[in-house]
Amino acid sequence: MRVSKLFTKTLRDAPADEVSKNAQLLIRAGFVYKEMAGAYAYLPLGIRVVEKIKQVVREEMNAIDSNELIMTSLQRKDVWEQTGRWDDKVVDIWFKTKLQDETEVGLGWSHEEPIVEMMKQYVRSYKDLPISLYQFQTKMRNELRAKSGIMRGREFVMKDMYSFHASAEDLERYYNKTIEAYKRVYDRLGIGEDTYVTFASGGAFTKFSHEFQTVCDAGEDVIYLHREKNIAVNEEVIDDAVKELGIDKNELEQVKTAETGNIFNFGTQKTDEMGLHFTGEDGKQQSLYIGSYGIGITRAMGVIAEKMSDDKGLVWPESIAPYMVYLVSIGENGQKAADSLYDELSAAGVEVLYDDRDERPGTKFADAELMGIPYRLTVSDRGVEAGKFEFTTRKTGQTEELSATEVKNRFTV
Ligand code: ATP
Ligand code: MG
């Protein structure tokens, strides 16, 4: 992509009302536009990051035999009434509206009840099980406070997955498999080392749910953590955990974190409430066992922006960077050489953002840094004569002199 053709604009300052670091950086770098508190538009650079995060998650969910679908944002009141969760006193973040004929409908903040309802049409016997389904959906939540930028949206992208099983053992097996898949997701996003599987409240069948908590100063949660023993407990349930798991609270340090994922074992609670049954091998009717598994896609992007940034701007990990290389030309010969390097690298499948604007090199360098593109390639008249290009790594700031072949070899094997 040529910068001259890219819809973007970097800004010196973020809007005065934007208090969160992730949103300040993402707005300044031209990744998101703030519509209002808790609602952000994703611009061309931003959507590339969102799509890359989704693709990592998609690959890992497909690898555990889950199937992608997309459910609806408009939801039925009667479906949620079956579990009592239509009530605003039970769920306090509903956006509700009415059809023209006055029928009340909700805007999806979760799809747990709607998917259980949907499965009544598809699950008949044990032969139909197990099933795992997932989607990427814009969830709507009327959050009381939305001051954490894209880490807490009133609309935000979530990956939610639901699995359906004939027995508690089968659900547990899949639940544990999902934990491993989630670990691979966080590793690939570059936050694996800072993300802990954390005991949290909200299990139905099991006493605890599991949250994936990523160490982050801007996070809204606090966990009790033992790094060596790899024990993490959300402070909400610490006293319960001390009792249940025999943990010594004094051994644990308190750390600020952001909940980037959360998984639940519901057992048969929801299917009992909603009447989702199957015919077992013995011919008897039984309730299904279900699990529910979320990842905050846009929250993860916000957490990564918070953690991987410096005074010059964003520093994306390669796996989710909008482009891999920022190509800058200086001088007339530089431009010719940059043109052909752009074509060659693009043909080799390298994602290059080519700054072909008539701007000073300093301006281009500053934008490359603010946008957090992992590598910058500078082609100058002087370099062209010597057959060398400046190759700068964003994360370390280190510059090497490479030939065209060496540059290509960096990205293609
Ligand atoms: P929180 O405690 O932060 O309000 P939650 O426990 O209500 O989140 P879940 O219903 O478990 O959230 O949703 C699954 C995942 O979606 C969360 O782990 C989080 O990563 C993400 N998420 C939840 N609420 C938001 C939000 N308002 N903005 C962005 N991401 C969110
Ligand atoms: Mg949660």
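The values are calculated or read from the model by the stated rules, or taken from the named source; none is laboratory data. Keep in mind it's a predicted model, so treat the numbers as computed, not measured. Positions of Cβ are backbone-derived with ideal geometry, glycine not excepted, and every protein chain shown enters the neighbour counts.
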Item to check | Every residue from segment 20-58 that is part of a loop (DSSP other than H, G, I, E, B) and in contact with a helix residue (DSSP H, G or I) (Cβ under 8 Å, 6 or more places away or on another chain) | outcome: Ser20, Ala29, Gly30, Phe31
Checklist entry - Any chance segment 267-288 includes a residue that's among the basic types (Lys, Arg), away from ligand 2 (no atom under 14 Å from the Cβ) and closer than 27 Å to Trp80 by Cβ? => result yes
Item to check | Considering residues of segment 131-180 that are of a type in the set (Ser, Thr, Tyr), more than 13 Å from ligand 1 (Cβ to nearest atom) and assigned to a strand (DSSP E or B) only, the residue surrounded by the most Cβ atoms within 10 Å (Cβ to Cβ) | outcome: Ser163
Checklist outcome for this item: Pairs returned, first residue in segment 256-267 that is not assigned by TED's automatic domain parsing to the domain that holds Ser201, second residue that is more than 10 Å from ligand 2 (Cβ to nearest atom), beta-carbon separation under 9 angstrom, 6 or more apart or interchain, are none
Checklist entry - When the residues of segment 184-196 are filtered to those that are within 15 Å of ligand 1 (Cβ to nearest atom) and not aromatic (Phe, Trp, Tyr), which remaining residue is surrounded by the fewest Cβ atoms within 10 Å (Cβ to Cβ)? => result Asp194
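Here's the yes/no breakdown for (1) part of a strand (DSSP E or B); (2) more than 21 Å from Arg299 (Cα to Cα); (3) within 16 Å of ligand 2 (Cβ to nearest atom):
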{"residue": "Glu193", "(1), (2), (3)": "no, no, no"}
{"residue": "Val197", "(1), (2), (3)": "yes, no, yes"}
{"residue": "Ala204", "(1), (2), (3)": "no, yes, yes"}
{"residue": "Ala218", "(1), (2), (3)": "no, no, no"}
{"residue": "Tyr224", "(1), (2), (3)": "yes, yes, no"}
{"residue": "Val237", "(1), (2), (3)": "no, yes, yes"}
{"residue": "Lys243", "(1), (2), (3)": "no, yes, no"}
{"residue": "Thr260", "(1), (2), (3)": "yes, no, yes"}
Checklist outcome for this item: A careful count of residues in segment 162-184 that are in contact with a helix residue (DSSP H, G or I) (Cβ under 6 Å, 6 or more places away or on another chain) and within 16 Å of ligand 2 (Cβ to nearest atom) gives 1
Checklist entry - Which members of segment 289-307 meet the condition of being within 11 Å of ligand 2 (Cβ to nearest atom) and closer than 17 Å to Asp217 by Cβ? => result Arg299
Item to check | Scope segment 199-209; condition in contact with a helix residue (DSSP H, G or I) (Cβ under 7 Å, 6 or more places away or on another chain), of a type outside the set (S, T, N, Q) and within 12 Å of ligand 1 (Cβ to nearest atom); matching residues | outcome: Ala200
Checklist entry - Within segment 86-139, which residues are in contact with a Lys or Arg (Cβ under 7 Å, 6 or more places away or on another chain) and hydrophobic (A, V, I, L, M, F, W, C)? => result Trp86, Val91, Ile93, Val105, Trp109, Val116, Phe136
Checklist entry - Of all residues in segment 239-267, how many are under 26 Å from the mean Cα position of the chain (by Cα) and of a type in the set (D, E, K, R)? => result 2
Next on the checklist: Which residue is modelled with the highest pLDDT, if the candidates are limited to segment 338-369 and must be closer than 25 Å to Thr412 by Cβ and of a type in the set (S, T, N, Q)?
Outcome noted: Ser346
Item to check | Matching residues, segment 66-120, being of a type outside the set (A, V, I, L, M), touching a Leu at 6+ places or on another chain (Cβ under 9 Å), assigned to a loop (DSSP other than H, G, I, E, B) and surrounded by 12 or more Cβ atoms within 10 Å (Cβ to Cβ) | outcome: Ser66, Ser73, Trp94, Gly108, Lys120
Next on the checklist: Whether any residue in segment 30-46 is of a type in the set (D, E, K, R) and more than 30 Å from Glu180 (Cα to Cα) is what I want to check.
Outcome noted: yes
Next on the checklist: Name the residue that is farthest from ligand 2 (Cβ to nearest atom), counting only residues in segment 206-216 that are in a loop (DSSP other than H, G, I, E, B) and buried (at least 20 other Cβ atoms within 10 Å of the Cβ).
Outcome noted: Cys216
